[in-house]
Structures are given as structure tokens and as C-alpha cells.
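Engineer: So that we are looking at the same thing, I have put the structure below in C-alpha cells.
All of the numbers you see were taken from the coordinates with simple rules; none came from a lab. Everything numeric here is computed off the predicted structure, so don't read it as measured data. Here Cβ is always computed from backbone atoms with ideal geometry, including for glycine, and neighbour counts include all displayed protein chains.
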Amino acid sequence: MNKGFFDALKLLGDENSVSVDTLVEKIKSALMKAVKKSYPDCENININIDPESDIFEISIIKEVVDDEPLDDNEINIATARTIDPNAYLGGMVAVKIDTAQFGRAAAQSAKQSIKTDLREINRENLLNQFQNKENECISARINQIEPSRGTATLIYDKTELYLFKNDQIPGEVLKEGQIVKVYINGIVSKEKKPIIKISRTHKDLVKRLFELEVPEIYDGTVEIKSISREAGSRTKIAVYSKNPDVDAIGACIGPKRSRITNIVNELNGEKIDIVVYSENPEEFIAKSLAPSEVVKVLLNEDMKSCTVIVPDSQLSLAIGNRGQNAKLAAKLTGYKIDIKPVSEAVSAAQEASDEKLDIAENVTDDNIDLDSADKPEAD
């Protein structure tokens, strides 16, 4: 009998990811209601559930009397001494109830009774587990991949998480048993049934990976100023060293390129451009367009936009495939960027008689000297 009850108890715990101790307390409360329903006059009921000792006992504590019991709260002394030879008048005796009538049926009844409690326990457990991990990076194991939709089921600390297709890196082939890093970008429905949102395409996943791989970023010596990303293709990251003796780009690359290689491998070969951040917008914009060279940046601070002049031979490189390089640079810097070749800029300058810009000769005082600037690193 007890085995059947504890099997049902274990199943209930497994189904709801609830600790046995917590579940036992809820079961006791539910069973108390069930026993009182069968024994409405009883005032002193004891329920002992101990999964480790395989004990499941329900007892009514009765007072020993010398005459006929008035109700279920009393027991005649003669009957009492068949249970406890040391029973005495006025004393108390525990009379066990046959648990057969409270076995699986009681467990099922308890399950229904505490359904609301279990939902609340699950909600609290999930929030406690992930509340402090929101906007952080975790490592999880791929347990299953749904062939039709491509949704991957991940296991983290015995909890199932779902990585949907649009949150996976384009072109990446995930495999069951693989350990991957994901970014927890939110918890929705916190007041009802929390859903943990995870992503491998979020730009802050790259930030967290750099924090894990680069000690100088983790301790604050090197700061990540901004990130722009097209997952599966390319990421641009702007870094700045607070210590003039620390090379921000070198720290991110690591000895023998070990740090950047680990990050690129985790991101399925995604290319990463590392740019040194500058307080000077023109200089920062020029660097952000790497690997293209830049002749001049004409800034419109009020409109938060600029025109960037590049050599004719560098125009395609500056714009990038499907405009990717320009778009990433714009997101990285926060400026709308219009890219023009030198030849077009010269023609426009010649037509504007009120302003003479000798761009072709590249002799103006405020030109950006890219030869002396830090060149970005591209992977």
C-alpha cells in the first residue's frame, strides 16, 4: 500500500519539479482535509509521511475512557490496551486508520486539491532560478530538436528552455547533446506562468562572451561602448581602455588570438570587427567603417547624420554586401551615414560655387589621418 502512495507522490513531484519536502507538506494539508471529511467529529488527527523511511501513517489521537465512547475522539480503556498495553484512563492513544482507503485515491485527490499551490510553487521556483540571470549568459545542453519547426529544447539546471528558430544563429546546425551559450533576454508572464526567453542572436550575447573571455573587460579596465550585430554574419564592437597602458583591441584578441577565436567559434564563425571608441565623432565613424579606408567625414551634429567620403575603389567595401558594413557602422555610432566616393564629392563641390573643398588633393586641416589612427581588427 505505502509503495503505491509513494510512487504516486514521486510522480507528482517529478511532474511539477517540486522538492519532496515541499510536496509532503502540501500533501499533509490536503490529506488532512480528506480525513476530516471521512471523520468529521475527530479533533486530533496526526499524519506522518516520511518518504525516506517509507512511512505513511494516519492516526486519530483518542482519549482513554472507562465507559462507552461518546464519539470518535474517545476510546474504551479495554480497547485502548489492545493498542498500547500501558494505556491509562485520561491518557491518549493513537489509533491508526487503514491507509488503504487513502492510497492512490488520496494522492490523486491531493493532486487536485493542491493544483493551485503547485502552480504557485512552480512559478516561484522558476523566478528564483532565473530572476538574477535575466540579461545574462548561461550554458545549456541541447536535449531535443523539433524537426518541423526547428525549435531546440535546452536543459539548464533540470529546467527546460526553448530556443526558437528565429532566436538561433542563421546557418547554425545545432545537435542534441551540444552545450551552447544563450542570452536570457527576458522573463514574460511573471505573475502567471513565467516563460524564459533565450536567444543566440541578441547583440548582448556577444557582450557577455567578451566579458567571459576578456579579464580586462570583466574587471572594468576595458569598457565596451557599443555593439552592432547581424547574427550569423558580422558584429562590430567598440571598446575603450581606461588605462593608457592597456591596448583595448589587443586585450580582446588575446595571446595568439585565443580570446577572439573562442568567441568566434561559439558564434559559429561569425566575423567580428573590433574598433577603438573615440569621443571624436568623425574619428569614431571613420573607424567604424573598417575595413574600408575613409578620406573625410562631414558631420551634421544637429541631424545626427554625416556624409563619409571614401576612395572610389573603396566604395563597395565601405557599403558592404547588401549595405551591411554601413548599417552596422550606423548602429554602432548612432549616426545616419551617407557614403560617397571621392569623384562624386569632387563633382558636388565644384557645382557648389560657394564652397571649395579640395577633397581630391586631401589637404584640409581637419582631414582624418587614418594612417596614424588605430586600425580595427576584423575576423
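Engineer: Gain in length, residue 301 to residue 172, computed as 0.36 nm per residue apart minus the alpha-carbon separation, to one decimal in nm?
Structural biologist: Working it through step by step, the gained length comes to 42.4 nm.
Engineer: Here's something else I'd like to know. Compute the helix-to-body angle for 2-16: its Cα long axis versus the longest principal axis of the chain, expressed 0 to 90° and rounded to tens.
Structural biologist: Long axis of 2-16 versus the principal axis of the chain: about 20 degrees.
Engineer: Sticking with this structure for a sec: Residue by residue through segment 160-170, which ³J(HN,Hα) values in whole Hz follow from phi under the Karplus form 6.51 cos²θ - 1.76 cosθ + 1.60 (θ = phi - 60°), with glycine and proline marked x?
Structural biologist: Working through the residues one at a time gives 7, 10, 10, 9, 6, 4, 6, 9, 9, 5, x Hz.
Engineer: Excluding residues fewer than 8 places away in the same chain, name every one of the lysines whose C-alpha is closer than 27 Å to that of residue 115.
Structural biologist: Filter leaves 3, 10, 26, 28, 33, 36, 37, 158, 190, 192, 193, 197.
Engineer: Right, here's the next one. Under 1.5 on a/c is rounded, so check that first for segment 244-294, then, if it is not, pick prolate when a/b is larger than b/c and oblate when it is not; a ≥ b ≥ c are the square roots of the alpha carbon gyration tensor eigenvalues.
Structural biologist: oblate
Engineer: Now a separate question. Going by how many other Cβ atoms sit within 10 Å of their own, how do 208, 322 line up, fewest first?
Structural biologist: In order of increasing Cβ crowding within 10 Å: 322, 208.
Engineer: Also, I was wondering about something else. Using 18 Å as the Cα-Cα cut-off, could you pick out the over-long pairs in 133/331; 287/340; 242/336; 225/340; 133/181?
Structural biologist: 133/331; 242/336; 225/340
Engineer: Please rank 259, 141, fewest neighbouring Cβ atoms within 10 Å first, as an exposure proxy.
Structural biologist: With the sparsest Cβ surroundings first, the list reads 141, 259.
Engineer: Right, here's the next one. Using the count of nearby Cβ atoms within 10 Å as a rough guide to exposure, how do 319, 83 rank from fewest to most?
Structural biologist: Exposure proxy ranking, most exposed first: 83, 319.
Engineer: Per 10 Å bin, what is the whole-percent P(r) computed from every C-alpha pair distance within the chain?
Structural biologist: Distribution as computed: 4, 17, 18, 15, 11, 9, 8, 7, 5, 3, 1, 1, 0 percent.
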